[in-house]
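These notes are about the structure you will find just below.
What follows is calculated from the coordinates using simple rules that are stated; it is not laboratory data. Worth saying up front: this structure is predicted, and the values here are computed from it rather than measured. Methodologically, a virtual Cβ is constructed for each residue, glycine included, from the backbone with ideal geometry; neighbour enumeration extends over all protein chains shown.
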Amino acid sequence: MNSRLRAAVEALKGERCWYVSCGGSVGSSFGLAFGGMVKREAPLKNKTHPPAFRNNNPEFEVMVWSSWRLSKGGRILATSDAWDERPDSAARLRSLKGLRVSKVVAQAAFGDLALSFSDGRRLDVFCDRFLTPSSIENNWELFSGPGRIGGV
């Protein structure tokens, strides 16, 4: 993980999640919107997103493509693996909306990412895409406004 990406990830501490984009045809992949709103050059046309997201890029957006787990107090709330079996998985991910990031851990060796939230929830992202041919090369990515900062 390069120093620019590491610094940007660490800047998520204290930021509030204002939107969670998940569900539909993307399967268990999702995006978390943090920080301020940066006006888009052209609004998104997908009406499943609220106007705030259609009209604005997040100041920071974490896109997750690999395996993940959402937990609280030693209890698993949702996982990428159980996405299809648990119809409440999307709702559980969306419950991160309004919470602030209290701690960020980006593991240097493998790039795993852990985001702890103000109410005790924790999102762990596991970098398990390794040298596999895929249309998605990264396990997770971080964007700022319309630009990509980097990915692992």
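Tell me whether the stretch 91-131 comes out rounded, prolate or oblate; compute the Cα gyration tensor, take square roots of the eigenvalues as a ≥ b ≥ c, and use a/c under 1.5 as the rounded threshold. Because a/c hits 1.5 or more and a/b fails to exceed b/c, the stretch 91-131 counts as oblate.
What the Cβ-Cβ distance of Met37 and Ala91 gives, at R0 = 30 Å and to the nearest 0.05, is a FRET efficiency of 0.80. Between Glu85, Glu61, Glu15, the residue with the greatest mean-square fluctuation in the GNM of the chain (Cα pairs under 10 Å linked by springs) is Glu85. Largest mean-square fluctuation among Arg122, Arg16, Arg75, in a Gaussian network model of the chain whose springs join Cα atoms under 10 Å apart, belongs to Arg75.
Indicate the gyration tensor shape class of the stretch 3-151 (rounded, prolate or oblate), computed on the Cα atoms with a ≥ b ≥ c the square roots of the eigenvalues: a/c under 1.5 is rounded; otherwise a/b larger than b/c is prolate and the rest oblate. Here the stretch 3-151 falls in the rounded category.
What is the magnitude of the charge dipole of the chain about its Cα centre, with +1 placed on the Cβ of each Lys and Arg, -1 on the Cβ of each Asp and Glu, and no other charges, expressed in debye to the nearest 20?
With only Lys, Arg, Asp and Glu charged at Cβ, the dipole is about 520 debye.
Among Leu70, Leu44, Leu96, which one shows the biggest mean-square fluctuation in a GNM of the chain, springs joining Cα atoms closer than 10 Å? Greatest mean-square fluctuation among the candidates belongs to Leu44. What's the lysine pair count for the stretch 3-151 at a Cα cut-off below 23 Å, pairs eight or more apart or interchain? Lysine pairs meeting both conditions in the stretch 3-151 amount to 10.
Subtracting the Cα-Cα distance from 0.36 nm times the residue separation, let me have the gained length for Arg4 to Thr48 in nm, one decimal. Mind dumping the intermediate values first?
On the way: separation 44, 0.36 × 44 = 15.84 nm, distance 3.25 nm.
That pair, Arg4 and Thr48, stretches by 12.6 nm at full extension.
What value, in deg cm²/dmol to 500, does the helix sum -39500 (n - 2.57) over DSSP H runs of n ≥ 4 give at 222 nm once divided by the residues of the chain? Could the numbers behind the result be given before it?
Working: 3 runs with 19 residues, N = 152.
That comes out to -3000 deg cm²/dmol.
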